[in-house]
2 protein chains.
Amino acid sequence: MGRPYRHVMKSQRANTIAEALEDMILSGDFAEGERLDEIRLAERFSVSRTPVREAFQRLAQSGLIEQIPRRGVFVRRPGPVELVEMFEVMAEFEALAGRLAALRISDAALAVLEAANDNCRAALSEGNADLYYVENERFHHVIYEQSGSAFLQQEVGRLHRRLKPYRRMQLRLRGRMSQSMAEHEDIVAALTAGDAGRAADLLRGHVAIQGEKFHHLMASLRAAAE
Amino acid sequence: MGRPYRHVMKSQRANTIAEALEDMILSGDFAEGERLDEIRLAERFSVSRTPVREAFQRLAQSGLIEQIPRRGVFVRRPGPVELVEMFEVMAEFEALAGRLAALRISDAALAVLEAANDNCRAALSEGNADLYYVENERFHHVIYEQSGSAFLQQEVGRLHRRLKPYRRMQLRLRGRMSQSMAEHEDIVAALTAGDAGRAADLLRGHVAIQGEKFHHLMASLRAAAE
DNA sequence: GTCAACATTCCTGTATGCAAGAAAGGCAGA
DNA sequence: TCTGCCTTTCTTGCATACAGGAATGTTGAC
């Protein structure tokens, strides 16, 4: 399994606070553009303002919040254009990870991929979207890991997390789950065959937002905005 | 010109301190693994420890320093493996930027590219590596900008900065400047023709570390370590 | 002479105090 | 009644104080 690659061994509390805040923001606990009150959050986490401010620094860099000098920090949700841009980069990351993984993936990892796929298939037949989502995550993370590039794994992981809520939306598109499933199977086949180019193309297409997926994303965004 | 895309309007001082520290680290003012002394740096910048610590947070996230709890922060220089990984991702970014730019680039921007290339050519004939470096930067940044993706522009810009010192090393390879020059010309041709696939491939190859370039990078690293 | 335990010192992480800037509300004038 | 200015209050950004853990040096025993 890939080496840990954690150059950020953060201060204990700021770490957890940042993660908690990230979860809260990603799961929509705050409204778009809402100001995050240092003092209230500090009380909520039973710490002083300092660790909260440190957490803000982190979140600002990952783009989840916007810091305006002397005004405060505000939750920042990407608009449609930015979202498409992010998925575009994400697709490229996936393609690269797939290309590398096709050359390097271990048999054990292939087995994990197939197991995840089996679970996905089960989730699909039960109509269990949550399970599908979880197993889908596992599937992709295995590929990132098997790319053999710790740096890529880190970067793709960051973006993956950032897009989490939107990926989840995608799965709500009728028929998307079964289509995704089919794509997964092709991807595993390409990886097994060691066909780097094909794995890259399949993964790029799997993640990219095109055609139906685009319209669905837009519609979901509008719906979520209400 | 691209919209600014700055979700991080950072606290005035921490911002500049972080930039100053980044410059210092990238230009090698600190030794590999050296501990950064909060107090001394605070004195040096004539501020208290707080803004320095905020700057640390940022640098830690971009990977330039490593924070170890209760021990301090240390400058972290990527090893050979990680460097190659970073260049790999960088090449993919460039390819994507080129593919998008081929479809979207404006005539004005093409003119800027050609101007930069002219200057590169002049620098080459004078043997002026510094000028070449500067114009080369301009060349690439125009492409990032013309990708039309603010998000990509941001991400590629970050990695570009991080790899700055190493890119500079590459130019010291005998004959690399003229080869780079020739590649630039092909790239401009592909962009002018709107040939997205070719622009992507050329840029990927231009940035990727392969063959000679790999050995040269390793040799330079060893030399720099002494 | 070497090793181990202890004490001291230093440094990080967190809390809190303080000043300056921004927003909001009130008051006066048109 | 609406608008513009002033004042008040709130919040951020920075400085500093304080506590706990890590590292280092010293002393004593073997």
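The values are calculated or read from the model by the stated rules, or taken from the named source; none is laboratory data. Since we're looking at a predicted model, the values are computed, not measured. Quick reminder, even Gly has a Cβ in these numbers, built from the backbone with ideal geometry, and neighbours come from all protein chains shown.
Name the single residue that is farthest from DNA strand C (Cβ to nearest atom) among those in the range B:67-80 being in contact with a Phe, Trp or Tyr (Cβ under 9 Å, 6 or more places away or on another chain) and facing chain A (nearest Cβ under 9 Å). Here the residue is B:Pro78. Here B:Val47 passes the criteria (1) within 22 Å of B:Leu163 (Cβ to Cβ); (2) in contact with a helix residue (DSSP H, G or I) (Cβ under 9 Å, 6 or more places away or on another chain); (3) part of a loop (DSSP other than H, G, I, E, B); (4) more than 9 Å from chain A (Cβ to nearest Cβ) except the one numbered (1). Those residues that are buried (at least 17 other Cβ atoms within 10 Å of the Cβ) and either facing another protein chain (nearest Cβ under 10 Å) or of a type in the set (A, V, I, L, M) (or both), I need them from the range A:151-168; list them, please. Passing the criteria: A:Phe151, A:Leu152, A:Gln153, A:Gln154, A:Glu155, A:Val156, A:Leu159, A:Leu163.
Inspect all residues belonging to the range A:3-17 and state whether any of them is modelled with pLDDT of 95 or more and more than 10 Å from chain B (Cβ to nearest Cβ). For the range A:3-17, residues modelled with pLDDT of 95 or more and more than 10 Å from chain B (Cβ to nearest Cβ): absent.
Would you point out which residue out of B:Gly79, B:Gly98 is within 19 Å of the chain's Cα centre (by Cα), buried (at least 21 other Cβ atoms within 10 Å of the Cβ) and away from DNA strand D (no atom under 16 Å from the Cβ)?
Only one candidate qualifies: B:Gly98.
Residues of the range B:26-42 that are at pLDDT 95 or above and either touching a His at 6+ places or on another chain (Cβ under 8 Å) or in a helix (DSSP H, G or I) (or both): B:Glu38, B:Ile39, B:Arg40, B:Leu41, B:Ala42. Scanning the range A:60-73 for residues that are surrounded by fewer than 18 Cβ atoms within 10 Å (Cβ to Cβ) and either assigned by TED's automatic domain parsing to the domain that holds A:Pro165 or within 16 Å of DNA strand D (Cβ to nearest atom) (or both) yields A:Ile68, A:Pro69, A:Arg70, A:Arg71, A:Gly72.
Against the definition (part of a helix (DSSP H, G or I) and either among the acidic types (Asp, Glu) or away from DNA strand D (no atom under 16 Å from the Cβ) (or both)), how does A:Phe56 come out, yes or no? When the stated conditions are applied, A:Phe56 does not pass them. Where residues in the range A:50-64 are free of Cβ contacts under 8 Å to residues at least 40 places away in the same chain and within 11 Å of chain B (Cβ to nearest Cβ), which of them is nearest to B:Phe56 (Cα to Cα)? The extreme case among them is A:Gln57. Checking the stated criteria, B:Glu135 turns out to be touching a Cys at 6+ places or on another chain (Cβ under 8 Å), part of a helix (DSSP H, G or I) and charged (D, E, K, R).
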